[in-house]
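The values are calculated or read from the model by the stated rules, or taken from the named source; none is laboratory data. What you see is a predicted model; the values in this text were computed from it and never measured. So basically every Cβ, Gly included, is an ideal-geometry build from the backbone, and we count neighbours across all protein chains shown.
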Amino acid sequence: MKIIELFIDEEGLLSGIDAISIVENPAIEENFIALSEEKQVQLAEVDKEKKILMGAALIPNKNIYRRNGEDEYYIYFSEDTVRKAAELFLMQGNQNRSTLEHQAELHGLSVVESWIVEDETHDKSRKYGLNMPLGTWMVSMKVNNDEVWEDYVKSGKVKGFSIEGYFTDKVAMSKIEELEEESEAKQILLEIANIILGDKYELATYSDYPKAVRNNAKLGIELNRSVNNKCATSVGKIRAQQLSRGEKLSLSTIKRMYSYLSRAETYYDPNDSKACGTISYLLWGGKAGLAWSRGKLRELGELK
């Protein structure tokens, strides 16, 4: 049976986790525990039931069975993808989005804690007997909905969390890259035709980005070579070549540059030169690229 790795597109084409569902049979096969005043540390004598669910949202490198018609296979998520999914879930403000069995939208449920298990002995989950592997995304969910708490949690009808979101695999990503590269190719051909025809088309292009943008792209290229060019999509690599050579950029390219750098800044760690998040960010011009693209779009009236 085939095993497929799912991941989040580094350049933000696919969004990650939209909501967390409470279900009877969680795909990751890990139950949550319901924390009430009997199991939760008391903050004051007048405290009532906490009505908090704690459990694993995603476990790294765990094979999860899937079936699509007659096609059976397993999927799994790497530690890096699990961490990105956890970060994007909060960055996109989805902590109040939850469902029941992936169908009915629920109200009154909020994720109040989210963390990655990083210590085998002292992680908070150990205190409650949840011995999840390192890299697991844990969440605590507050249930301010009496019907859900009484009819589903206390009754045992729901036993764990299940994520709802968008991921891709290598086959799907290659198709996305082909579409992007086709768009890039059309833009380049149009620019070449414009030169041949003596500026018949009025194409606005810009190359007044600072030297720091070029240097960041060059550094990203060098760092990517040091890890066998495993980071970034083909489009990201093409963008780095353009920036490192000081080539002119179209308005649409500057918009994409700003969009990517705005979202991906959270994955940039100047102290980790081997991380794909850091390398990809540099390939697109890094912080200097973000500042320039933002300023250019404001100058052109494309951004407030």
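For region 153-164, which residues satisfy the criterion of being out of contact with any Asp or Glu (no Cβ under 9 Å at 6 or more places or on another chain) and in contact (Cβ under 8 Å) with a residue 24 or more places away in the chain? Talk me through it step by step, then tell me what you get.
Start the filter on region 153-164 by keeping residues that are out of contact with any Asp or Glu (no Cβ under 9 Å at 6 or more places or on another chain), which leaves 153-155.
Those that are out of contact with any Asp or Glu (no Cβ under 9 Å at 6 or more places or on another chain) and in contact (Cβ under 8 Å) with a residue 24 or more places away in the chain: Val153, Lys154.
Going by what's in this entry, would Ala288 be described as touching a Pro at 6+ places or on another chain (Cβ under 7 Å) and within 17 Å of Gly220 (Cα to Cα)? Let's see the steps before the verdict.
Details: touching a Pro at 6+ places or on another chain (Cβ under 7 Å): yes; within 17 Å of Gly220 (Cα to Cα): yes.
Spelling it out, Ala288 is indeed touching a Pro at 6+ places or on another chain (Cβ under 7 Å) and within 17 Å of Gly220 (Cα to Cα).
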Inset, instruction - Output the residues belonging to region 118-141 that are surrounded by 12 or more Cβ atoms within 10 Å (Cβ to Cβ) and out of contact with any Asp or Glu (no Cβ under 9 Å at 6 or more places or on another chain). - result: Asp123, Ser125, Tyr128, Trp137
Inset, instruction - Please determine, by comparing only the residues of region 99-120 that are at pLDDT 90 or above and of a type in the set (S, T, N, Q), which one is farthest from Leu58 (Cα to Cα). - result: Ser110
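Check region 283-296 and report whether any residue there is at pLDDT below 85 and in the same structural domain as Ser207 (by TED's automatic domain parsing). Give the steps one after another, and end with the answer.
At the first step, the residues of region 283-296 found to be at pLDDT below 85 are none.
No, that holds for no residue.
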Inset, instruction - Restrict the check to region 49-61 and report whether at least one residue is in contact with a Lys or Arg (Cβ under 7 Å, 6 or more places away or on another chain), farther than 24 Å from Met91 by Cβ and at pLDDT 75 or above. - result: yes
Legend entry - Count - residues of region 88-111 that are assigned to a strand (DSSP E or B), out of contact with any Leu (no Cβ under 7 Å at 6 or more places or on another chain) and surrounded by 13 or more Cβ atoms within 10 Å (Cβ to Cβ): 3
